[in-house]
Amino acid sequence: MFEKVLIANRGEIALRIARAARELGIRTVAVYSSEDADSAVVRCADETVHIGPPAASRSYLYIPALVEAALRTGADAVHPGYGFLSEDADFAEVCRANGIAFIGPPADVIRRLGDKTAARAAMASVGLPLLPGSLRPLGTATAAQAVADDIGYPVIVKAAAGGGGRGMTIIHDPADFAAAYRDTVARARALFGDPAVFVERYLPTARHVEVQVLADRYGNAVYVGDRDCSVQRRHQKLIEEAPAPHLPAALRARMGEAAVRGAQAVGYVGAGTFEFLVDDAGDFSFMEVNCRIQVEHPVTEILSGIDLVQEQFHIAAGRRLTLRQEDVELRGAAIECRINAEDPERDFAPAPGPLTEFVPAGGPFVRVDTHAYQGYRVPVSYDSLLAKVVAWAPTRDEALRRMDRALAEFRVAGPGVHTTLGFLRSVMDEPAFRSGKYSTSIVSQVLGMRTDR
């Protein structure tokens, strides 16, 4: 096992990694920007290194500073968490070139799966079902529209290098295609440095279901259940639950087996997530692979009893998976709500500021992953995630009641600070959500109702 890990991230995931490492007897190095000097992970890590100013491009995304910090402190591994450089093939390569283990897939796998057209082609080659669309980037609006006209509207134009819900445009009318295509290409170039885009059939009422995979470097792989992530706003997830409700057992098994087959086909190593769309007829289609730990990993951990972050450490250290598929046992139901410092009444605008009150939820079978505390100042420079609340119960209905109770008792206050707590309770109170028969359109429905009122 590693002796010391540098945590190349911030916020709640940095603290989550530090805790997992400490339980394994691994010393930790926390890096921080000048805006994060008072962060929780800085307070608990064994060593700390200041890596730059608040701008992420000069701190958490600045590879030379991170590698220098790892070398200077003698870290033999780097854990990138999620976001920032977690799916950056160049970072993985530089780490390994300097004798530092990168806790994630090999650089060539990250690069291959990071290109969504290459990922689609790879999965198609081993029999995973795809939505109709292009298997390669489309260089002109004319070529792209020909594909769209052939598969039928609505379609979605996606950045091949995109991620995190960015770089996508939904098109319902052929007359809007050319302008939307040019806009997506421009945004892809600005966001990802790559203008390549592709076209895919858009399913307005699909469910977004993902499968958690663990794979070692010896070709062994298992799936650890599924999660429904359909509650999204602008392709950003707000609520996740596991298992995905109302999925037939046979469909659940086919999706899991497909994810394992896809992981083995590309030589995947570590924890990863295969994302699928499930249509009204109950058919599933491959969408993409996330080559990292997910924000919503706690719902799988609480169902399975498997510490996914510790599994990442074991796999990166060269150990074989000790889990067999028949060893994976999931119990009950779990729901995760992301508490963001945003104002739903102002189109979810970021609402940073000092926290004069911060009292997380508690009680039986409630888990709260957070880096915030009373007196903490929510920064302006980074993601607005304050906390993740996870509620477990033997049944989904009981988990929903427990989550509502937990959100009701969560207290966050401070000058200028607003949160999504109330909005999340509104979503969970919708009959469609309560029934478990909802799709990615549910947040739009709730927002429409709020506007009508």
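The values are calculated or read from the model by the stated rules, or taken from the named source; none is laboratory data. What you are looking at is a predicted structure, and each value in this text was computed from that prediction instead of being measured. Backbone-built Cβ (ideal geometry, glycine too); neighbour counts: all protein chains shown.
Assorted remarks:
- The lone criterion from (1) closer than 18 Å to I63 by Cα; (2) of a type outside the set (F, W, Y); (3) buried (at least 23 other Cβ atoms within 10 Å of the Cβ); (4) more than 22 Å from the chain's Cα centre (by Cα) left unmet by L6 is number (4).
- All positions within segment 335-350 that are part of a strand (DSSP E or B) and in contact with a Lys or Arg (Cβ under 9 Å, 6 or more places away or on another chain): I335, E336, C337, R338, I339
- All strands (runs of 3 or more DSSP E) inside segment 182-276 with 1 or more residues being closer than 30 Å to S426 by Cβ and out of contact with any strand residue (DSSP E or B) (no Cβ under 6 Å at 6 or more places or on another chain): 221-233, 236-242
- Residue within segment 6-23 that is over 25 Å from P298 (Cβ atoms) and either in contact with a strand residue (DSSP E or B) (Cβ under 7 Å, 6 or more places away or on another chain) or aromatic (F, W, Y) (or both) present: no
- For A141, the criteria (1) surrounded by 15 or more Cβ atoms within 10 Å (Cβ to Cβ); (2) in contact with a strand residue (DSSP E or B) (Cβ under 9 Å, 6 or more places away or on another chain) hold in every case but one, which is (2).
- In summary, V42 fulfils each of the numbered conditions (1) assigned to a helix (DSSP H, G or I); (2) closer than 24 Å to A215 by Cα; (3) β-branched (V, I, T) with the single exception of condition (2).
- Filtered residue count, segment 149-178, keeping only those that are within 18 Å of L130 (Cα to Cα), in contact with a Lys or Arg (Cβ under 9 Å, 6 or more places away or on another chain) and not in a loop (DSSP other than H, G, I, E, B): 6
- Test: residue in segment 351-373 that is of a type in the set (D, E, K, R) and assigned to a helix (DSSP H, G or I): no
- Enumeration of residues in segment 10-19 that are assigned to a helix (DSSP H, G or I) and crowded, with 20+ Cβ neighbours inside 10 Å: G11, E12, I13, A14, L15, R16, I17, A18
- Given (1) part of a helix (DSSP H, G or I); (2) buried (at least 19 other Cβ atoms within 10 Å of the Cβ); (3) touching a helix residue (DSSP H, G or I) at 6+ places or on another chain (Cβ under 9 Å), index of the condition V78 fails: (1)
- In this entry, L447 is excluded by the filter for residues that are among the aliphatic types (A, V, I, L, M), touching a Gly at 6+ places or on another chain (Cβ under 9 Å) and assigned by TED's automatic domain parsing to the domain that holds V359.
- Of the residues making up segment 95-116, just one is charged (D, E, K, R) and not in a helix (DSSP H, G or I), namely D115.
- The single condition among (1) surrounded by 18 or more Cβ atoms within 10 Å (Cβ to Cβ); (2) out of contact with any helix residue (DSSP H, G or I) (no Cβ under 6 Å at 6 or more places or on another chain); (3) not β-branched (V, I, T) that D38 does not meet is (1).
- You will find that of A351, A334, the residue that is in the same structural domain as D228 (by TED's automatic domain parsing), of a type outside the set (V, I, T) and over 27 Å from P248 (Cα atoms) is A351 and no other.
- Among residues of segment 39-54, those that are among the small types (G, A, S), in contact with a Lys or Arg (Cβ under 8 Å, 6 or more places away or on another chain) and on the phi < 0 side of the Ramachandran plot, counted: 1
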